[in-house]
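Report on the structure given below.
The values are calculated or read from the model by the stated rules, or taken from the named source; none is laboratory data. In this text, all values refer to a predicted model and were calculated from it rather than measured experimentally. Ideal geometry is used to build each Cβ from the backbone, glycine not excepted, and the neighbour counts take in all protein chains shown.
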Amino acid sequence: MSCFKLLVNLCEHIEGMISKFWWGSKQYERKIHWIAWKDLCKEKKEGGMSFKTLKDFNLAMLAKQGWRILHHEESLLALCLKSRYFPRCNFLQANLGFNPSFTLRSIFQARKEVIDLAGMWRIGDGREVRIWDDSWLPHQNGHEIWSPKPADVDLSGVYELIDEENGGWKTQLIQTLFFPFEAN
């Protein structure tokens, strides 16, 4: 599950077997399932048992592999995939490309469904974060910039919005570049 994206039908079949085990079914005898599987998968505070759906668990494990490729670039997996599929950029900037392996397609699917939707950069010194392309704003859907990039502005990295001498943001520049809700 941490290397390949499983078929949804396979995940549902396995979940069915788990459900039968949970409710005590025997081979030719079927017991009553008092609660639907999706309700058992809800959080305990919502009345469920906090079981994991295999599809989501599969995506989480694949996303973890993507995270390792991004943060452990010296690992064998990262070196192999990077040299073959995205030699000039990092994992988050890479496109799927031509004729990718099933492993890479699986990890990219998890990147699309987990990391790109829920991930957000920590700014740090701002050197690795691109203003217009990366998700870095807190408290906003998608964490992305919605303001259009002005044609006359030649800024690319978030570090260019940071006042290093005072240890804060260049507020004048930020207020002129972004919508008010983003500038705040």
Over the stretch 66-115, the set of residues of a type outside the set (Val, Ile, Thr) and either in contact with a strand residue (DSSP E or B) (Cβ under 6 Å, 6 or more places away or on another chain) or within 17 Å of ASP56 (Cα to Cα) (or both) is GLY66, TRP67, ARG105, SER106, PHE108, GLN109, ALA110, ARG111, LYS112, GLU113
Within the stretch 76-100, residues part of a loop (DSSP other than H, G, I, E, B) and surrounded by 13 or more Cβ atoms within 10 Å (Cβ to Cβ) come out as PHE86, ASN90, PHE91, LEU92, ALA94, LEU96, PRO100
Is one or more of the residues making up the stretch 103-124 of a type in the set (Val, Ile, Thr), assigned to a loop (DSSP other than H, G, I, E, B) and within 15 Å of PHE178 (Cα to Cα)? no
When you check LEU62 against the structure, is it within 18 Å of the chain's Cα centre (by Cα), assigned to a loop (DSSP other than H, G, I, E, B) and touching a residue at least 24 places away in the same chain (Cβ under 8 Å), yes or no? no
Checked the stretch 3-34 for anything out of contact with any Lys or Arg (no Cβ under 7 Å at 6 or more places or on another chain), part of a loop (DSSP other than H, G, I, E, B) and not basic (Lys, Arg); matches are CYS3, PHE4, LEU6, LEU7, GLN27, TYR28, GLU29, ILE32, HIS33, TRP34
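Residue-wise test of (1) under 21 Å from GLU128 (Cα atoms); (2) modelled with pLDDT of 85 or more.
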residue: SER2; (1), (2): no, yes
residue: GLU15; (1), (2): no, yes
residue: HIS33; (1), (2): no, no
residue: CYS41; (1), (2): no, yes
residue: HIS71; (1), (2): yes, yes
residue: ARG88; (1), (2): yes, yes
Just one listed residue, out of PHE98, PHE51, PHE91, is without any contact (Cβ under 8 Å) to a residue 40 or more places away in the chain and in contact with a Cys (Cβ under 6 Å, 6 or more places away or on another chain), and it is PHE51
